[in-house]
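*Asks:* Attaching a single structure in structure tokens format; questions to follow.
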Amino acid sequence: MTEGKPFYDNPGVQEQYFAHRARPDNPNDVLERPLFLELVGNLGNLDIVDLGCGDASFGKEALLQGARSYTGIEVSRAMVDIAQQKLIETSGKIYHEGIETWRSQAGQANLVTSRLALNYVENLEPVFQQVNRALRPSGRVVISVEHPVITSSFESLARGRRTTWLVDNYFKPGPRFHTWLGHKVTKYHRTLEEYLDLFTNAGFELERIRESCPKKENFLCEEEYERRSRIPLFLLIAVRKSQELHGTIRTDSPANH
Ligand SMILES: C[S@@+](CC[C@H](N)C(=O)[O-])C[C@H]1O[C@@H](n2cnc3c(N)ncnc32)[C@H](O)[C@@H]1O
């Protein structure tokens, strides 16, 4: 968020964001999406909670593929409106709410996802506890975030389209401020170790990590493929709820949805 207002509610941000997403070879579609879909696997009969769901494109796709239910949590009013429109004739539900204030219902899901939203959240410890509570035994979590080598420093982005990448202050987790789509935005840098420790401490076991290594066949432009082969843009992590009881939280506290 930026000074109280959700970033995607700033004037012009939504239009620019969707224009970016519509570009050929945009990184979400050529790097993040194929790996995310591979990690979530078969969506049939799953109850899914999606944190920072954006326009709920994934929800629509999941329900078409036979997911039993889809619940999106989204802080931006503008995004919520688009997501609700997208899911209008489906059973999917969108809640206008921050990931930080979301309270899960015990055992409501067997898959929790979050795609490129957790970099906006300062404290993931309570969030992952809510995620653990949301999941049934052996439930899974699949997240994507901007890769820690990218979030360590946005200095090279300040000079426009990057031709070199600066990795700096890697072991200093915390806020990073930069300007994107014409507005100031705060993102939170975490090391790879920190992501894994957060999951372990919240009662999850690691299944798989992917670093968005590009596949040539997904790109239209060879030059863009070469550029994306230089540095990882996204980190994807899949974990499973551990059978052990550590890291779980009380299931009798109040829940919203
Ligand atoms: C880069 S977009 C990704 C949207 C969607 N997950 C996708 O992959 O297409 C990030 C989304 O996370 C939402 N978001 C950011 N911070 C959030 C928060 N604290 N709580 C809920 N949603 C948040 C934004 O409003 C935005 O819709």
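*Asks:* Output the residue which, of all residues in region 2-22 that are part of a loop (DSSP other than H, G, I, E, B) and on the phi < 0 side of the Ramachandran plot, is farthest from the ligand (Cβ to nearest atom).
*Replies:* If we take residues in region 2-22 being part of a loop (DSSP other than H, G, I, E, B) and on the phi < 0 side of the Ramachandran plot, then Pro11 is farthest from the ligand (Cβ to nearest atom).
*Asks:* Out of Glu244, Glu226, Glu217, Glu194, which single residue is at pLDDT 95 or above, closer than 30 Å to Ala109 by Cα and among the acidic types (Asp, Glu)?
*Replies:* One residue alone meets the criteria, Glu194.
*Asks:* Taking region 189-230 as the region of interest, how many residues are touching a strand residue (DSSP E or B) at 6+ places or on another chain (Cβ under 9 Å), over 16 Å from Leu124 (Cβ atoms) and part of a loop (DSSP other than H, G, I, E, B)?
*Replies:* 2
*Asks:* Among the candidates Val49, Val75, Val80, single out the residue that is over 14 Å from the mean Cα position of the chain (by Cα), under 24 Å from Val121 (Cα atoms) and of a type in the set (Val, Ile, Thr).
*Replies:* Only one candidate passes the filter, namely Val80.
*Asks:* Now for a separate question. So Asp25 clears everything in (1) farther than 20 Å from Ala238 by Cα; (2) open to solvent by less than 30 Å² (accessible area, probe 1.4 Å); (3) within 12 Å of the ligand (Cβ to nearest atom) except one condition, right? Which one?
*Replies:* Unmet condition: (3).
For every residue, the table says whether it meets (1) more than 11 Å from the ligand (Cβ to nearest atom); (2) of a type in the set (Val, Ile, Thr); (3) open to solvent by 10 Å² or more (accessible area, probe 1.4 Å); (4) assigned to a strand (DSSP E or B).
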residue	(1), (2), (3), (4)
Asn110	yes, no, yes, yes
Asn119	no, no, no, no
Val127	no, yes, no, no
Gly139	yes, no, no, yes
Ile143	no, yes, no, yes
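*Asks:* When you look at Val142, is it in contact with a strand residue (DSSP E or B) (Cβ under 8 Å, 6 or more places away or on another chain) and in contact (Cβ under 8 Å) with a residue 40 or more places away in the chain, yes or no?
*Replies:* yes
*Asks:* Is it true that Thr101 is surrounded by fewer than 17 Cβ atoms within 10 Å (Cβ to Cβ), of a type in the set (Ser, Thr, Tyr) and out of contact with any Leu (no Cβ under 8 Å at 6 or more places or on another chain)?
*Replies:* Criteria met by Thr101.
The values are calculated or read from the model by the stated rules, or taken from the named source; none is laboratory data. Since we're looking at a predicted model, the values are computed, not measured. Note that each Cβ is placed from the backbone with ideal geometry, even for glycine, and that neighbours are counted across all protein chains shown. Just the protein is used for accessible areas: all its heavy atoms, side chains included, with ligands, DNA and RNA removed. Shrake-Rupley method; radii C 1.70, N 1.55, O 1.52, S 1.80 Å.
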